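Engineer: Have a look at this one before I ask anything.
Bear in mind these aren't lab numbers, they're just calculated from the coordinates by the rules spelled out. Just so it is clear, the structure is predicted and the values come from calculations on it, not from any experiment. A quick note on method: Cβ atoms are made from the backbone with ideal geometry, for glycine too, and the neighbour counts reach across all protein chains shown.
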Amino acid sequence: MSGLAYALRKIIQDRSALLGLILVGLVVLAAIFAPLISTHPDAVWDMNPKLRLLPPSSNWLLGTDRMGADIYSRVIYGARITLMIAVIAVGASMLVGVPIGLIAGWRGSWLGEILMRVSDVFLAVPQIVLAIAIAQTLGPSIENVILALSITYWPWFTRLVYAEVKALKNETFIEAAIALGVAPWRIVLLHVLPNVASPIIVRASIGMGFTILTAASLGFLGLGAPPPAPEWGRMIAESREFLPQSWWYALAPGVAIFIVVMGFNLLGDGLRDILDPRIRRSHDR
Amino acid sequence: MTGEALLEVQDLKISFSTERGIARVLDGVNLTMRPGAIMGLVGESGSGKTTLARAILGILPSNASYDGGSVRFAGQDILAMDPTAFDRDIKGRRIAFVPQDPYGSFNPLFRIGDQIMELMKWKSPIRDANTGSLGALLTHYPRKRRQADREAALAMLAEVQIPQPERAFKKLPEEFSGGQRQRLLIAMAMMTKPDLIIADEPTTALDVTIQAQILKLLKRLAKDRNVSVLMTTHDMGTAYEICDDITVMYAGQEVETAPIGPFFANPQHPYTARLLDSLPKPGAEIREIGGEIPSLLKAPSGCRFHPRCHQATVECSAARPGITGSEHVVRCFHPLRQAAEVRS
Amino acid sequence: MNATSPMLSVQGLARHFPLRNAFGIRTGAIKALDEVSFEIRPGETLGVVGESGCGKTTLGKTLAGIHVPTAGRMQFEGKEISALTGPQRRAIAQRLQYVHQDPGNALDPRWTIRRSLDEPLATHTTLSRTERDARIEEILTAVGLPSAHLDLYPHELSGGQQRRVGLARILTLKPRLVILDEPTSGLDVSVQATVLKLFRALRTKFDLTYLFISHDLSVVRIMCDRVAVMYLGRIVEIAPTEDLFSNPQHPYTRSLLSAIPEIGGRRVTETFTLEGEPPDAGRLPSGCRFRGRCPSAAPQCAEIEPTLATADGRHLTACHFART
């Protein structure tokens with residue numbers, strides 16, 4: 001696909017997008033190769049009271065936490081949890097939000113209106129409040145965090161797709177496809193969807209950053225995975241009572257969150273710049 | 001051309017720098033206009049007619065550069081002129097502009113009365129001592145001049161047949177049709193009492209019956225006020241309607257200039273002749289020119305028409321033909337007049 | 001369907017666009033098409049001319065199925081099509097095609113040429129891959145494009161080449177009737193000549209019938225067998241081409257013709273007399289819609305709306321004072 005090669009080439013030219021790509025890449029690689037790059041892969045969930053709250057040293061690169069586990073390793077493994085939450089939440093939002101947006105935008109009139117009002121209702125719910133409610137009812141767990149995030153994020157995709165589809169409907173080539181007698185579902189899947197793919201990708205990338213931050217907030221509030229799971233937000237919450245002496249305890253997961261969120265945001269911004277003008281350019285002659 | 005020329009463009013070269021290279025949009029163009037005449041600047045896409053029209057006014061895009069040549073207006077080299085003086089005295093005042101697109105040329109948010117008076121504030125033919133040195137927002141519009149300008153503006157709107165000018169002043173641009181907006185644009189150009197109006201395809205966006213009305217109006221106003229008009233168009237018919245003289249351009253080069261009668265009766269440049277031939281004529285075969293208009297990024301050398309010309313010889317690609325003729329000017333090594341003589 | 005019955009027959013076709021105020025309540029309608037009736041015979045080229053707002057583009061799109069008619073009936077090849085919807089209506093597209101003003105824009109910018117040309121065949125026919133490829137090659141040759149272009153994207157072709165691809169796409173279906181919507185609008189004169197020659201060649205080669213919509217009367221004159229003149233949603237005059245140009249009967253047609261520049265002939269700016277502009281399409285005058293600008297208007301024109309009438313059966317005019 002010439003588009004991918006073109007996008008990659010353009011990312012390399014854009015410094016901040018490239019930085020975003022590198023940061024995201026590093027985190028993804030860290031998550032995948034966690035057993036290989038963490039120093040104490042077995043001790044992530046262990047309790048070693050004698051080793052608790054040690055400052056960073058050559059043995060424990062980022063120090064140890066209150067249970068005596070190596071913070072560096074926990075942060076690395078925490079990347080797995082964080083990315084998994086984000087990918088599933090954003091993915092589920094896309095799977096729900098995009099088709100609804102397509103239908104609403106293409107059919108329009110009363111069906112479109114109803115669907116958009118429904119999405120408005122979901123948008124009006126603050127994510128954290130809903131997550132707390134779900135955690136209260138169903139118990140704190142990663143699955144419930146993902147549920148809360150997905151339920152509140154899908155309208156963003158719907159609104160985006162709805163607007164794009166409405167605009168696209170007036171394009172000449174869509175009209176030509178209609179005139180040609182192509183069935184509507186084929187037009188939507190083969191003509192409309194590829195043309196709205198770019199904004200969706202941009203939104204997904206930025207959404208990853210947004211979701212990770214929210215997931216970390218939920219973890220911080222104790223709503224995510226229960227201990228001893230090395231979830232970054234929870235780690236920061238745990239560190240509170242040991243600050244400021246054990247400064248490394250909060251710093252590591254905090255910096256990790258910062259890096260991954262910034263990475264996704266830079267990447268998303270860069271993608272937006274790359275993907276949009278290209279569409280315009282291929283429309284122009 | 002007899003008499004003192006109002007506008008003299010000599011050997012003007014302009015290029016645009018684009019992502020894909022440098023486009024030599026004007027390749028040493030000459031143009032002469034006598035006072036009080038209407039000159040048609042005819043050409044197809046890429047001919048450079050719009051660039052030439054805008055170059056005279058200095059309203060080219062930022063990626064344009066002047067590579068040579070001169071533009072003399074009323075004896076003064078305006079390319080070499082101080083930009084502030086040019087903006088103040090010439091641009092929009094002695095040389096006015098009628099743009100092509102009546103729909104996009106007005107600010108949709110402001111009433112046209114406000115837009116017209118804004119123009120008059122800066123470019124009114126009544127000059128006063130205040131030349132706006134305080135900047136746009138702080139400069140005062142003296143009451144007496146404003147009233148006089150307003151009267152003049154309303155009178156001009158009546159001249160261009162806008163009904164009820166007082167009420168029109170209060171309307172938004174969207175309340176006017178395309179034809180009416182074009183009349184407003186012409187009125188605004190005329191209000192500043194210019195010596196020369198440059199009209200860029202003024203009727204292209206209009207229906208043919210409205211076009212006829214606008215051309216009629218433009219010609220009458222220009223002749224009544226002795227204003228010269230340089231009108232660009234891609235339509236020979238439009239040029240035939242109101243122009244006294246005509247200049248044909250191809251791919252950044254001017255190829256033929258003549259008064260309207262001799263031009264249509266006896267076109268001398270092969271391109272001009274082929275172009276006139278390809279106009280639809282009932283009962284006749286459709287004649288094409290063959291080939292395509294060249295890209296200005298890699299324009300042919302010498303005479304840019306030579307790849308498509310049946311009479312081309314080696315010298316046509318080697319160098320650009322010089323100017324031959326005085327009233328009826330053509331730039332060709334084998335103008336048709338000569339070819340006819342050779343045949344007979 | 002025999003050789004003399006019409007290919008397309010239209011009665012009372014109407015397409016109204018509702019006007020809504022700020023609350024979404026309908027306050028009126030723009031009658032873009034209003035009571036249009038005519039026929040197209042097999043093999044002929046029928047021109048439809050008029051200025052902006054006359055409804056010719058709406059007519060083209062309604063016939064092509066892009067717009068749904070508000071009223072009226074259409075029969076294509078003897079079959080009633082105005083009530084068809086869904087797959088049945090779409091199936092008609094194989095034989096009744098529509099070419100946009102700029103056919104290059106009608107291509108999906110993300111699809112290769114090959115894919116764009118294959119789409120109509122995949123939609124309407126059951127030809128195999130090889131058969132479809134063969135048909136595509138045949139059409140490419142007919143429009144004068146090399147097969148090397150198949151793997152390119154639209155933005156990699158010139159405007160003229162895109163246009164040819166757009167035409168080729170229509171022709172892969174070997175339609176019977178092709179609606180051409182402003183095919184030469186905005187084209188340079190030299191390009192226009194080439195495009196018109198192409199249309200003529202394709203007409204012969206594929207035995208096409210054209211509905212030629214254009215505002216350019218000089219082009220219509222050399223391409224069409226008959227011409228229909230539209231004004232504000234109605235046909236005001238329809239006649240064989242030379243008949244219309246040499247003997248225009250409707251006052252609007254006469255004004256329209258007198259507005260066309262004639263190089264070497266009389267100057268329009270000296271002889272043209274039509275004043276004013278068409279009235280607001282949402283609030284049409286009573287009776288004849290042209291009466292506000294018509295030099296021959298009389299009291300009856302405000303009361304009775306004229307309908308198309310004829311003396312010789314070939315030249316029809318909608319005017320109370322049609323000189324026959």
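Engineer: Just B:LYS298, B:LYS121, B:LYS171 to compare: in a GNM of chain B, with alpha carbon springs under 10 Å, which one fluctuates most?
Structural biologist: B:LYS298
Engineer: On to the next question. Given 37 °C and 0.692 mPa s, compute D for the protein assembly as shown with the Stokes-Einstein relation, Rh being the Kirkwood radius over Cα pairs; round to the nearest whole µm²/s. Numbers along the way, then the final one.
Structural biologist: Details: Rh = 33.0 Å.
Estimated via Stokes-Einstein, D reaches 99 µm²/s.
Engineer: Residue by residue through C:271-278, how many Cβ atoms from other chains fall within 10 Å of the Cβ on average? Don't skip to the answer; put the middle values down first.
Structural biologist: Details: counts 2, 8, 3, 4, 3, 6, 8, 4.
For peptide C:271-278, the averaged partner shielding equals 5.
Engineer: To continue, here is another question. May I ask for the equivalent-ellipsoid semi-axes of the stretch B:60-123, computed as the square root of five times each C-alpha gyration tensor eigenvalue and listed largest first in whole Å? Present the calculation step by step, with values, prior to reporting the outcome.
Structural biologist: Values: eigenvalues 147, 52, 20 Å².
Over the Cα atoms of the stretch B:60-123, the semi-axes work out to 27, 16, 10 Å.
Engineer: Using each residue's phi in the stretch A:144-161, evaluate 6.51 cos²θ - 1.76 cosθ + 1.60 at θ = phi - 60° and report the 3J(HN,Hα) Karplus result to the nearest Hz, with x for Gly and Pro.
Structural biologist: Along the stretch A:144-161, the couplings run 5, 4, 4, 4, 4, 5, 5, 4, 9, 9, 4, x, 4, 5, 4, 4, 4, 5 Hz.
Engineer: With an 8 Å cut-off on Cα pairs and a minimum separation of 6 or more residues, tell me the relative contact order of chain B in percent. Kindly include the intermediate steps, with their values, before the conclusion.
Structural biologist: On the way: 585 pairs, mean separation 76.0, N = 344.
The value is 22 percent.
Engineer: On a 0 to 90 degree scale, rounded to 10, what angle separates helix A:193-220 from the longest Cα axis of chain A?
Structural biologist: That works out to roughly 30 degrees.
Engineer: Let me ask something additional. In peptide B:234-245, how many Cβ atoms from other protein chains are near each Cβ within 10 Å, on average?
Structural biologist: 3
Engineer: Each label point is 7 Å from the Cα along the Cα-to-Cβ direction; what then is the distance between the points at C:SER185 and A:TRP110, in nm?
Structural biologist: Simple spin-label model gives 3.5 nm for this pair.
Engineer: Taking 8 Å as the Cα distance limit and 6 or more residues as the minimum spacing, I'd like the relative contact order of the stretch C:245-318 as a percentage.
Structural biologist: Values: 61 pairs, mean separation 17.9, N = 74.
RCO, the stretch C:245-318: 24 percent.
Engineer: Okay, moving on. Mind listing the Cα extents of the stretch A:1-93 along all three principal axes, in Å, largest one first?
Structural biologist: 56, 32, 20
Engineer: I would also like to ask the following. Go through B:LEU215, B:LEU119, B:GLY69 and say which Cα lies farthest out towards the positive end of the charge dipole of the protein assembly as shown; charges sit on Cβ, +1 for Lys and Arg, -1 for Asp and Glu.
Structural biologist: Checking the options against the dipole of the protein assembly as shown, the answer is B:LEU119.
Engineer: Within 10 Å, count the other beta carbons around each residue, average over each peptide in A:255-261, A:177-183, C:82-88, and list them highest first. Walk me through the numbers before you get to the answer.
Structural biologist: Working: A:255-261: 19.4, A:177-183: 21.6, C:82-88: 11.9.
Answer by packing, highest mean first, reads A:177-183, A:255-261, C:82-88.
Engineer: For chain A, what is the convex hull (Cα atoms) projected area averaged across all directions, in square nanometres?
Structural biologist: Values: hull surface 70.8 nm².
The number I arrive at for chain A is 17.7 nm².
Engineer: Something else: Can you list the lysines whose alpha carbon sits under 23 Å from that of C:LYS61, skipping same-chain ones fewer than 8 residues off?
Structural biologist: Within reach: A:LYS166, A:LYS169, C:LYS31, C:LYS79, C:LYS174.
Engineer: Round to the nearest 0.05 the FRET efficiency obtained for C:ALA311 and B:SER317 when R0 = 45 Å and r is the Cβ-Cβ distance.
Structural biologist: Numbers: r = 61 Å, r/R0 = 1.36.
After rounding to 0.05, the efficiency reads 0.15.
Engineer: Comparing C:LEU208, C:LEU145, C:LEU171, which has the greatest mean-square fluctuation in the GNM of chain C with Cα pairs linked when under 10 Å apart?
Structural biologist: Fluctuation is largest for C:LEU145.
Engineer: Take the Cβ-Cβ distance between A:SER57 and A:ASP120 as r, set R0 to 45 Å, and report the resulting FRET efficiency rounded to the nearest 0.05.
Structural biologist: Details: r = 53 Å, r/R0 = 1.18.
In this case the efficiency is close to 0.25.
Engineer: With θ taken as phi - 60° and the coefficients 6.51, -1.76 and 1.60, list the Karplus ³J(HN,Hα) couplings across the stretch B:30-40 in order, rounded to whole Hz; mark glycine and proline as x.
Structural biologist: The phi angles translate into 10, 8, 10, 10, 8, x, x, 9, 9, 10, x Hz.
Engineer: Here's another thing I want to ask about it. Relative contact order, percent, of chain C when contacts are C-alpha pairs under 8 Å separated by at least 6 residues? Don't skip to the end; give the middle numbers.
Structural biologist: Values: 566 pairs, mean separation 65.2, N = 324.
Relative CO of chain C lands at 20 percent.
Engineer: Ok, one more. From the residues C:GLY186, C:LEU173, C:TYR210, which one has its Cα farthest along the dipole of the stretch C:157-235 in the positive direction, the dipole being from +1 and -1 charges on Cβ of Lys/Arg and Asp/Glu about the Cα centre?
Structural biologist: Working it through, the farthest residue towards the positive pole turns out to be C:LEU173.
Engineer: A follow-up question, please. Enumerate the amide H contacts of B:ALA199 below 5 Å, restricted to partners 5 or more residues apart or on another chain; note that Pro and chain-start residues carry no placed amide H.
Structural biologist: The list, which skips near neighbours in sequence, is B:VAL98, B:LEU230, B:MET231, B:THR232.
Engineer: How are the alpha carbon pair distances in the stretch A:181-220 distributed across 10 Å bins from zero to the largest one, expressed in percent?
Structural biologist: All Cα pairs, binned at 10 Å, distribute as 27, 28, 23, 15, 6, 1 percent.
Engineer: GluC sites (Glu not before Pro) within the stretch B:1-45: which are DSSP loop residues with at most 12 other Cβ atoms inside 10 Å?
Structural biologist: Numbers: sites: B:GLU4, B:GLU8, B:GLU19, B:GLU44; in loops: B:GLU4, B:GLU19, B:GLU44.
Those that pass, being in a loop and sparsely packed, are B:GLU4, B:GLU19.
Engineer: Mind giving me the FRET efficiency for C:ALA83 and B:ALA74? R0 is 56 Å, r the Cβ-Cβ distance, nearest 0.05 is fine. Walk me through the intermediate numbers first.
Structural biologist: Working: r = 70 Å, r/R0 = 1.25.
In this case the efficiency is close to 0.20.
Engineer: A further question on this structure: May I have the convex hull volume per residue, in Å³, for the Cα set of the stretch A:157-285?
Structural biologist: Details: hull volume 15.6 nm³, N = 129.
Per-residue hull volume (Cα only) is 121 Å³.
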